[in-house]
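*Asks:* One structure, pasted below without further comment.
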Amino acid sequence: MSPSTSQVTTRSPDETIAYGRGLASELSPPLIILLRGTLGAGKTTLVKGIAEGFHAAPAEEVTSPTFTLVHEYRSPRALLYHVDLYRIDTERELETLALDDLLAPNAILLVEWGEKFARLQRDCDIEITLERVGDTGRTIRRSVR
Ligand code: ADP
Ligand code: MG
């Protein structure tokens, strides 16, 4: 994926979804992608676009895995795992999710709140950070590690 860092600002949820659709064409498994940003920054909204880009699920079917922790979306090109670690506080709880077992050669892990854990921070391939700019602006910065 190139360039190694890039930044855009979207002006609506739909623009963020469109950005995610475009991003999908640049992503090849296996990958661990950390999605960073505060609550409401747009992490889950971005995953809607990525899932659409992979023809894995329509945007409206992609919902937050805050309580279910992991959602899976299948496409011919990749298995997408959308993970939300907001409610996970300890390494031990993280272990119970067995994320390592998900990382098959055709898997892409899209992890919200993964930066809470040093190991995920270390193992991730791409970091995408979303930041609010006013009500409906979001700056999306991605960096390849
Ligand atoms: P997170 O997963 O980071 O907590 P969500 O994607 O669930 O965030 O929520 C983002 C919220 O912000 C949604 O209600 C969405 O409609 C709203 N929003 C407003 N503008 C944007 C934008 N430009 N990009 C993404 N979401 C936006
Ligand atoms: Mg979310």
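The values are calculated or read from the model by the stated rules, or taken from the named source; none is laboratory data. What you see is a predicted model, and the numbers here were worked out from it, not measured in a lab. With ideal geometry, Cβ positions are generated from the backbone for all residues, glycine too; neighbour counts draw on all protein chains shown. Just the protein is used for accessible areas: all its heavy atoms, side chains included, with ligands, DNA and RNA removed. Shrake-Rupley method; radii C 1.70, N 1.55, O 1.52, S 1.80 Å.
*Asks:* Please identify which residues in segment 79-123 have an amide N closer than 19 Å to a label point set 7 Å out from the Cα of residue 61, following the Cα→Cβ vector.
*Replies:* From segment 79-123, the list is 79-83, 107-110.
*Asks:* What's the FRET efficiency of residue 87 with residue 121 using the Cβ-Cβ distance as r and R₀ = 30 Å, to the nearest 0.05?
*Replies:* About 0.95, to the nearest 0.05.
*Asks:* Using a 1.4 Å probe on the protein chains only, how many percent of the accessible area of the chain belongs to carbon and sulfur?
*Replies:* 50 percent
*Asks:* Here's something else I'd like to know. Relative contact order of segment 16-145: what whole-number percent is it, with Cα pairs under 8 angstrom and at least 6 residues apart?
*Replies:* Dividing the mean separation by the residue count of segment 16-145 yields 31 percent.
*Asks:* Pairwise over distinct Cα atoms, reciprocal of the mean inverse distance: report the Kirkwood radius of the chain in Å, one decimal place.
*Replies:* Result for the chain stands at 15.0 Å.
*Asks:* Here's another thing I want to ask about it. Determine, for each peptide in 22-30, 80-88, the mean count of other beta carbons within 10 angstrom over its residues, then list the peptides with the highest first.
*Replies:* 80-88, 22-30
*Asks:* Return the calculated 222 nm mean residue ellipticity for the chain, to the nearest 500 deg cm²/dmol, obtained by summing -39500 (n - 2.57) across DSSP H runs with n ≥ 4 and dividing by the residue count.
*Replies:* -7500 deg cm²/dmol
*Asks:* Over the Cα atoms of segment 66-135, each weighted equally, I'd like the Debye log10 I(q)/I(0) at q = 0.19, 0.21, 0.23 Å⁻¹, rounded to two decimals.
*Replies:* Those come out to -0.81, -0.97, -1.12, one per q.
*Asks:* To continue, here is another question. If I model a spin label at residue 14 and residue 75 as a point 7 Å from the Cα along the Cα→Cβ vector, what separation in nanometres do I get?
*Replies:* Computed distance between label sites residue 14 and residue 75 equals 2.1 nm.
*Asks:* Over the chain, average the accessible area per residue using a 1.4 Å probe and give it in Å², no decimals.
*Replies:* 50 Å²
*Asks:* Oh, and also: I'd like to compare 68-76, 51-59: which one has the highest average count of other Cβ atoms within 10 Å, and what's the full order after that?
*Replies:* Highest mean packing first, the order is 51-59, 68-76.
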